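Here is the structure we will look at, set down as structure tokens.
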Amino acid sequence: MVSFYPGPSQLYPQVKNYMIEAYDCGILSKNHRSPDFIEMSQKTILSLKNKLNIPKDYTVFFTSSATECWEVLGQSFIDLFSLHIYNGAFGEKWYQYRRKLSPNAAAVEYSIQKTPSLNKLKNIDVYPEVICLTQNETSNGTQLKNRTIKKIKSQFPDSLLFVDATSSMGGVALDWLSADVWYASVQKCFGLPAGMAVMVCSKKAVEKAKSLNNNQHYNSMVFMSEKMENWQTTYTPNILTIFLLGKMMEEVPTITETHRILKQRKLDWEKFFSHNAYSPLIVNSQVRSDTVFAIKTHEKEVENIRNKAEEAGFTLGKGYGKWKKNTFRIANFPAIEEPAITQLKEILKNT
Ligand SMILES: *Cc1c(COP(=O)(O)O)cnc(C)c1O
């Protein structure tokens, strides 16, 4: 079976042997304050920063999931007014989680076929001290380009910009400097087993968290950054996945090269869709995701197509949220190998 589900998704084939290696080398039985763990954790972070071009002065944290990142950011920056700009289910969920912690937040929704309008943001009556964006909205297959995020940053230079990049980090070359926090769980574009996320934070974000000093939670950013000064976490982390992430980051091409490959595959998929009468939910190619495609069709067809693919050994993603019934989704993640894509296209052609 090959999974085209956009999370949990197809693992890199090398993961199997690295899991055995993790077992054999004994790291999985080491204490998370031990020198061996610290060395491995540091190595993983340095490889990640190196492969993804993360600026030196950004801090990488390990958390358990993207959902936990919503929580960490919500409570660590709870005093700040938070503006959520989204067009789909994950952006909305983030907003709702934040509202549960404090009503000190507002939302602006935008069309799935457009880039968010900056004019609309002028009508917000409170200055957004924090702006929350979803770079790649996994539920509908849209993305925000680097230049869009940069524009929002330059319109609100004093705000902190937080970005959910769960289904793009590891595949897309992100412009780190244009935002203060970027996070992703690893079961999507990183091609790793579920149960961990990485959160990449600017110095400005970490300093701000320290000055707000909200430290009543085990996963407060203040406490997390104290521990991360020595490459550690506040709780016993997912040592296996930290190990796997480190190994994979040593092995994959640079993010520029990976992104180039994914963009080429996207062009090939788009040609395929138009030649075979498949309709992407997102008609504006400017906002269509590089890593998750949502295809719109009749409710019955969705089931039929997904079943046919499944019988042939390929799992397609279901629709999600508002688009649950009339779309299916295809991941364009780097762990998926070329022959599987060719074979899936053959199946879809004849369906
Ligand atoms: C999958 C996903 C999440 C949630 O990830 P978890 O690892 O389940 O917490 C959040 N945001 C986006 C954009 C996602 O795709």
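The values are calculated or read from the model by the stated rules, or taken from the named source; none is laboratory data. These figures come from a predicted structure and were not determined experimentally. All Cβ positions, glycine included, derive from the backbone under ideal geometry; neighbour counts span all protein chains shown. We work out accessible area using only protein heavy atoms, side chains counted, and drop any ligands, DNA or RNA first. Shrake-Rupley method; radii C 1.70, N 1.55, O 1.52, S 1.80 Å.
Numbers at a glance
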quantity: Amide H contacts of residue 279 (H built 1.01 Å from N, under 5 Å, at least 5 apart or other chain); calculated: 296
quantity: Assigned charges on the beta-carbon of Lys, Arg, Asp, Glu; the chain dipole about Cα centre (debye); calculated: 880
quantity: For residue 326, residues with placed amide H under 5 Å, excluding near neighbours; calculated: none
quantity: Amide H partners (placed H, <5 Å) of residue 161, local residues excluded; calculated: 131, 180, 181
quantity: Per residue, in Å², the accessible surface of segment 45-169 once ligands and nucleic acids are set aside, probe 1.4 Å; calculated: 38
quantity: Rg over Rh [alpha-carbon atoms, Kirkwood Rh] for segment 1-152; calculated: 1.04
quantity: GluC sites (Glu not before Pro) lying in DSSP loop within segment 259-350, provided at most 14 other Cβ fall within 10 Å; calculated: 337
quantity: Residue among 298, 84, 32 with the largest mean-square fluctuation in a Gaussian network model of the chain, springs linking Cα atoms under 10 Å; calculated: 298
quantity: Relative contact order [Cα under 8 Å, 6+ residues apart], segment 1-126, whole percent; calculated: 14
quantity: Taking segment 93-147 and dividing mean pair separation by its residue count, relative contact order in percent (alpha carbons under 8 Å, at least six apart); calculated: 21
quantity: Relative intensity, log₁₀ I(q)/I(0), of the chain from a Debye sum that treats every alpha carbon as a point, q = 0.13 Å⁻¹; calculated: -1.01
quantity: Counting DSSP beta bridges with both ends in the chain, the antiparallel % (nearest 5); calculated: 50
quantity: For segment 197-311, fraction of C-alpha pairs farther apart than 18 Å, in %; calculated: 71
quantity: Segment 234-276 - accessible surface per residue (Å², probe 1.4 Å); calculated: 45
quantity: Shape of segment 44-95, Cα gyration tensor, a/c cut at 1.5; calculated: prolate
quantity: Carbon and sulfur %, accessible surface of the chain computed with the full protein complex present, 1.4 Å; calculated: 51
quantity: Cα gyration tensor shape for segment 281-351, rounded if a/c is under 1.5, else prolate or oblate; calculated: oblate
quantity: Subset of 203/266; 56/296; 150/263 violating a 32 Å alpha-carbon distance limit; calculated: 203/266; 56/296
quantity: Extreme residue, positive dipole direction of the chain, given options 47, 225, 261 (C-beta unit charges); calculated: 261
quantity: Value of relative contact order over the chain, rounded to a whole percent, pairs C-alpha under 8 Å and six or more apart; calculated: 26
